[in-house]
1. Checking VAL151 against (1) closer than 30 Å to SER234 by Cβ; (2) out of contact with any Cys (no Cβ under 7 Å at 6 or more places or on another chain); (3) touching a residue at least 24 places away in the same chain (Cβ under 8 Å); (4) not in a helix (DSSP H, G or I), only one condition comes out false. Which one?
2. Against the conditions (1) surrounded by fewer than 18 Cβ atoms within 10 Å (Cβ to Cβ); (2) under 22 Å from HIS258 (Cβ atoms), where does LYS189 fall short? Just the number, please.
3. Residues PRO73, PRO95: which one is within 30 Å of TYR168 (Cα to Cα), modelled with pLDDT of 65 or more and either within 24 Å of the chain's Cα centre (by Cα) or not in a loop (DSSP other than H, G, I, E, B) (or both)?
4. Tally the residues that are surrounded by 18 or more Cβ atoms within 10 Å (Cβ to Cβ) and either among the small types (Gly, Ala, Ser) or in contact (Cβ under 8 Å) with a residue 60 or more places away in the chain (or both), restricting the search to the range 173-186.
5. When the residues of the range 47-65 are filtered to those that are surrounded by 10 or more Cβ atoms within 10 Å (Cβ to Cβ) and of a type outside the set (Val, Ile, Thr), which remaining residue is modelled with the lowest pLDDT?
Amino acid sequence: MNKQYILTIVVFIALAGVTAAVYQFYFRERLDAYAENEKKYEALSKRLDTISKAFSNTKPDAVVTMWSNAVIPWRDAVAQRSEYFNLKEVYEADPPPEGVMLKFYYETESNRLIGQLYQAAAMRNPPCNLPIVASTYFDAPSMSQLAGVSVTKENVTSWLQQIRLGCYVTKQLLDSGVSRIYDLNLWPKRVENGSLEMHTAGVSVSITAQNLFTFMDKLQTSTRYICVNAIKISNRYLYSGGRDPQLEVQMLITQARHVESAPGAAPAPPVAGTPAAAPGATPNLQMLKPGGGGNT
């Protein structure tokens, strides 16, 4: 009798333990999840009731139309801004094709760009001397500097963009009628206002007063953003024999392009031979010396 009593108690305890274990490790987790879902359901129900009351007399098509009418002008403004802040001559170029030897492609393209620039300077009447930096690929690496160096497609694209930018600014100066380009330094690009990629070039040129005035007037009506941040004009000739005097001019010229997004964009590392610019620094004229061929 005692054995049966003890056995019954043991079985009861075992069943109680199994039941507690099943509840603890199976049912409790599901009950907690169910309680959490109940809370979410109540919150969503309240939100749905609020939305239903707020838009009870509103037609969905009308809401969509109003939203579209508000967004389209913003899109149009972005499109216009993209046209105004534009450097397509620098950035809208085909990337290196697949399967090419990157170093030879870079050598071919860089020589082609620089060759076209020298040809443009020579064909101008009268011809114009180019700055020394043009012969050094606007401080992009030469083939001798790339000996034994691994090159990626991104490297080649970035270097060619740097050369195109230097050629683009130089051609702008040639079109303005400068007599001589003493020096040209490209600043590291920087991002302002979150979506404007700014490119500043410091130039030192010789130009007649009339051509300088014409160049400045064109900036006022330019369809693209181009700004002279600083300018210094020197006239070393007190008498020019009745001719338009040749002025020695130093300028900081900034151009920009609109980028879709540049969150947390880091400034590019300084290019060899250019002044180090702190992030967000305002361009200043303490960089070029007329005829000096270098930085101050």
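1. Unmet for VAL151, out of (1) closer than 30 Å to SER234 by Cβ; (2) out of contact with any Cys (no Cβ under 7 Å at 6 or more places or on another chain); (3) touching a residue at least 24 places away in the same chain (Cβ under 8 Å); (4) not in a helix (DSSP H, G or I): (1).
2. (1)
3. Values: PRO73 fails: within 30 Å of TYR168 (Cα to Cα).
The match here is PRO95.
4. 4
5. For the range 47-65, the residue satisfying everything is PHE55.
The values are calculated or read from the model by the stated rules, or taken from the named source; none is laboratory data. Just so it is clear, the model here is predicted, and its values are computed rather than measured. As a convention, Cβ positions derive from the backbone with ideal geometry for all residues, glycine included, and neighbour counts pool all protein chains shown.
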